[in-house]
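The values are calculated or read from the model by the stated rules, or taken from the named source; none is laboratory data. What you see is a predicted model, and the numbers here were worked out from it, not measured in a lab. Heads up, the Cβs are rebuilt from the backbone with ideal geometry, glycines too, and the neighbour counts pull from every protein chain shown. The protein model used for the area step is the full one, side chains on, heavy atoms only, and it has no ligands, DNA or RNA in it. Shrake-Rupley method; radii C 1.70, N 1.55, O 1.52, S 1.80 Å.
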Amino acid sequence: TTAPILLEAQGVAKHYGKFVALGGVDLKVRANTVHSVIGPNGAGKTTLFHMLTGTKAVSGGRILFDGHDVTREPDHRRVRRGMARSFQVTSLFLTLPVRENLRLAAQGVAPAKALDCWNAPTGARSCADTVAQVLERVGLARHAGTPAGNLSHGQQRRLEVGMALAAKPKAIFLDEPTSGMGIDDLDDMKRLIQGLKDEHTVVLIEHNMGIVMDISDTITVMQLGRVLAEGVPAEIRNDERVRTAYLGNM
Ligand code: ATP
């Protein structure tokens with residue numbers, strides 16, 4: 001793919017005392033692609049996500065997003081620039097209907113938009129439009145009025161993705177969106193992620209190799225805080241170093 005680069009990490013490092021969680025990671029994520037980050041436990045995938053989305057500060061290196069150096073920007077500024085991380089189930093409002101969860105997520109983006117959601121007539125309509133679009137996207141339109149707590153596990157995981165989408169992000173960061181899922185839910189989530197590419201860029205941490213190989217445009221393999229390999233799925237599948245790192249589990 002030759003799409004423009006939306007997100008770039010340059011030598012991003014994270015140290016905890018003497019422990020090197022990330023030892024200088026370079027990453028280029030192209031717009032409207034699914035870019036997966038894989039690697040054995042402790043490889044630094046989640047730490048890298050923290051650096052990219054701004055939930056933790058880097059120890060070194062730079063992060064560029066959409067033409068801006070965001071390295072020193074707090075996470076809420078990055079959200080406004082169009083970076084959204086999917087929420088965990090724990091941040092769903094379980095007693096509120098799905099629709100209200102999404103409305104709250106849409107408001108969370110920026111104060112101006114929050115007003116939009118309540119002020120008639122144009123703002124309210126645009127917010128309602130966003131909520132309706134997201135409901136369709138994540139396949140929960142029929143459950144708009146259902147309390148989030150009454151959804152199935154798979155539906156809750158899709159709502160988490162929806163909460164991030166409600167912020168109308170350019171890039172969406174998904175950390176193991178399929179963990180603990182049964183086969184039907186897996187399939188739904190896979191199709192959902194694939195469908196996001198038309199309007200969004202997806203950065204994905206995923207342990208399910210079948211899904212990673214099926215839906216990724218680019219895969220970055222991490223090991224011990226460094227990039228071990230990067231390429232399209234076929235390249236990664238046939239990479240000897242990757243096979244060794246996974247002890248043949250691919
Ligand atoms: P997993 O697949 O198990 O989630 P991961 O690739 O996401 O692993 P990270 O969670 O990023 O790995 O952790 C990378 C390394 O950094 C691990 O060895 C971890 O123990 C260490 N680490 C993470 N956070 C801290 C911290 N706050 N203090 C010290 N070490 C940390």
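Of the residues Ile205, Ile211, Ile193, which single one is more than 17 Å from Leu6 (Cα to Cα), over 14 Å from the mean Cα position of the chain (by Cα) and of a type in the set (Val, Ile, Thr)?
None of the others qualify; the one that does is Ile211.
Test Arg157 against the stated conditions and say whether it is surrounded by 22 or more Cβ atoms within 10 Å (Cβ to Cβ), in a helix (DSSP H, G or I) and either in contact with a Ser or Thr (Cβ under 6 Å, 6 or more places away or on another chain) or not small (Gly, Ala, Ser) (or both).
Considered against the rule, which asks whether it is surrounded by 22 or more Cβ atoms within 10 Å (Cβ to Cβ), in a helix (DSSP H, G or I) and either in contact with a Ser or Thr (Cβ under 6 Å, 6 or more places away or on another chain) or not small (Gly, Ala, Ser) (or both), Arg157 comes out as yes.
Only one of these conditions is not met by Ala31: (1) within 16 Å of the ligand (Cβ to nearest atom); (2) at pLDDT 95 or above; (3) within 29 Å of Asp129 (Cα to Cα). Which number is it?
Of (1) within 16 Å of the ligand (Cβ to nearest atom); (2) at pLDDT 95 or above; (3) within 29 Å of Asp129 (Cα to Cα), only one is false for Ala31: (1).
Quick test of your reading of the structure: Met209 fulfils all but one of (1) among the hydrophobic types (A, V, I, L, M, F, W, C); (2) touching a helix residue (DSSP H, G or I) at 6+ places or on another chain (Cβ under 6 Å); (3) open to solvent by 30 Å² or more (accessible area, probe 1.4 Å); (4) farther than 26 Å from Val79 by Cα. Name the failing condition by number.
Of the numbered conditions (1) among the hydrophobic types (A, V, I, L, M, F, W, C); (2) touching a helix residue (DSSP H, G or I) at 6+ places or on another chain (Cβ under 6 Å); (3) open to solvent by 30 Å² or more (accessible area, probe 1.4 Å); (4) farther than 26 Å from Val79 by Cα, the odd one out for Met209 is (2).
Quick check: anything in the stretch 38-49 away from the ligand (no atom under 13 Å from the Cβ), among the aliphatic types (A, V, I, L, M) and in a strand (DSSP E or B)?
Checking the stretch 38-49: not a single residue is away from the ligand (no atom under 13 Å from the Cβ), among the aliphatic types (A, V, I, L, M) and in a strand (DSSP E or B).
Please give the number of the condition Ala57 fails out of (1) within 15 Å of the ligand (Cβ to nearest atom); (2) more than 27 Å from Met209 (Cα to Cα); (3) surrounded by 15 or more Cβ atoms within 10 Å (Cβ to Cβ).
(3)
Condition test on Gly82, is it more than 19 Å from His207 (Cβ to Cβ) and open to solvent by less than 60 Å² (accessible area, probe 1.4 Å)?
Criteria met by Gly82.
I'm told Glu235 meets every condition in (1) open to solvent by 30 Å² or more (accessible area, probe 1.4 Å); (2) more than 16 Å from the ligand (Cβ to nearest atom); (3) within 23 Å of Ala13 (Cα to Cα) except one. Can you identify the failing condition by its number?
(3)
Looking at Leu135, Leu140, Leu64, which one is modelled with pLDDT of 85 or more, open to solvent by 30 Å² or more (accessible area, probe 1.4 Å) and over 16 Å from the mean Cα position of the chain (by Cα)?
That would be Leu64, the only listed residue that is modelled with pLDDT of 85 or more, open to solvent by 30 Å² or more (accessible area, probe 1.4 Å) and over 16 Å from the mean Cα position of the chain (by Cα).
In the stretch 10-54, how many are over 24 Å from Met209 (Cα atoms), in contact with an Asp or Glu (Cβ under 7 Å, 6 or more places away or on another chain) and surrounded by fewer than 20 Cβ atoms within 10 Å (Cβ to Cβ)?
Here the count works out to 2.
Do we find that Asp198 is over 23 Å from Thr95 (Cβ atoms), in a helix (DSSP H, G or I) and out of contact with any Cys (no Cβ under 8 Å at 6 or more places or on another chain) in this structure?
no
Could you tell me whether Glu73 is assigned to a loop (DSSP other than H, G, I, E, B) and more than 14 Å from the ligand (Cβ to nearest atom)?
yes
From the list Val242, Val202, Val227, Val221, pick out the single residue that is open to solvent by 50 Å² or more (accessible area, probe 1.4 Å) and over 21 Å from Asn101 (Cα atoms).
Val227
Filter the stretch 69-79 down to the residues that are within 14 Å of Ala9 (Cβ to Cβ) and either exposed (fewer than 14 other Cβ atoms within 10 Å of the Cβ) or in contact with a Phe, Trp or Tyr (Cβ under 8 Å, 6 or more places away or on another chain) (or both) and list them by number.
Asp69, Arg78
Just one of the numbered conditions (1) more than 16 Å from the ligand (Cβ to nearest atom); (2) within 17 Å of the chain's Cα centre (by Cα); (3) open to solvent by 10 Å² or more (accessible area, probe 1.4 Å) is not true of Leu7; which one?
(3)
List the number of the failed condition for Asp187; all other conditions in (1) open to solvent by 50 Å² or more (accessible area, probe 1.4 Å); (2) part of a loop (DSSP other than H, G, I, E, B) hold.
Failed condition: (2).
Taking Ile219, is it hydrophobic (A, V, I, L, M, F, W, C), part of a strand (DSSP E or B) and within 16 Å of the ligand (Cβ to nearest atom)?
Against the criterion (hydrophobic (A, V, I, L, M, F, W, C), part of a strand (DSSP E or B) and within 16 Å of the ligand (Cβ to nearest atom)), Ile219 qualifies.
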